[in-house]
Amino acid sequence: MKKLLLFTLLIGIKAQAQEFEGGVGGGFSINGQPTDNMVYKGDQSLMNYSTNMRLLYTTKNLWQIGLEGHMHELSSKSSKKYGGFINGTRLIDSVGGDDKKLVYAKNAVNITLVINKRFDFNGGASYAYLGAALGVGFARNNAHSYAANESYNGPDGGRGLTYGAQLGYAANVSSNIGIYLEAAMRYYNFDYKDAGAPQIWVNPQVLKYSIMAFPVTFGLRYTFYKVPGSAYGTYNKTNRRYYESKRYNRGKY
């Protein structure tokens, strides 16, 4: 086990490279239940859609820094029947207990700054990564439009802090094109400035809740720029640039 760990670390040290890549993918997401004064809580998880976009820069020490975004649905089902509410001019008689979805956000969007530690294999032809994320999230929905399979549609306009983690694997298909698979966790803290919490008739409160989501996405990645580890200590004949372990300088032959 110790030999395997040492071998993995040596691969990561030897295969240093600088890269700038982008990616786009799709998949599915599941979520937990909302907290605080969101009274409509499901007890059955659903598999919802998920999309992902990212821009990542890899340093010579195999740290990735960049921006990542997800968009997915937040919803579940409830076997419990709750009381209804007035949705504008429309009376919702009851929520849940009807095998229909409780939709908290049709489009939950997060934009986060991510920092990953990358572990290269086969000279950087593939790599695994693990990291953390911090950013903002938005809950978008049309609360006045109900599909046939929806029992509740949450209000539009939630926003707040989002944080989480991600674990993934990426591999090259060609010199510039590759694939990736990522499993992430995103914890949202939504605060609705213009929407009240449902089922609170005395002393109305602004809707506020937290919810956790787990998006899993598979996608394509494109490497815009790359300096392989093997270039350090050599000349780049195109622009006569000499690469060193810590910095590069323009030099002469």
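Points worth noting:
- Note: region 77-132, Cα convex hull, 173 Å³ per residue.
- For region 138-148, 3J(HN,Hα) per residue [Karplus equation, 6.51 cos²θ - 1.76 cosθ + 1.60, θ = phi - 60°, Hz, x = Gly/Pro]: 9, 10, 10, 6, 10, 5, 9, 10, 10, 7, 5
- Computed E for Met185/Ser94 - FRET, C-beta separation, R0 25 angstrom, nearest 0.05: 0.15
- Calculated P(r) of region 20-250 - Cα pairs past 27 Å, %: 44
- Placed amide H near Ala108: partners under 5 Å, 5+ positions off or other chain: His72, Glu73, Leu74, Arg140
- Candidates per trypsin sites (Lys or Arg not before Pro) in region 73-117, loop by DSSP, up to 13 other Cβ within 10 Å: Lys80, Lys81
- Over 29 Å between alpha carbons, listed pairs Lys81/Lys208; Lys106/Lys226; Lys41/Lys117: Lys106/Lys226; Lys41/Lys117
- Considering region 61-180, its Cα convex hull presents a mean projected area of 10.2 nm².
Here, each number is a calculation from the coordinates, and none is a lab measurement. Since we're looking at a predicted model, the values are computed, not measured. Ideal geometry is used to build each Cβ from the backbone, glycine not excepted, and the neighbour counts take in all protein chains shown.
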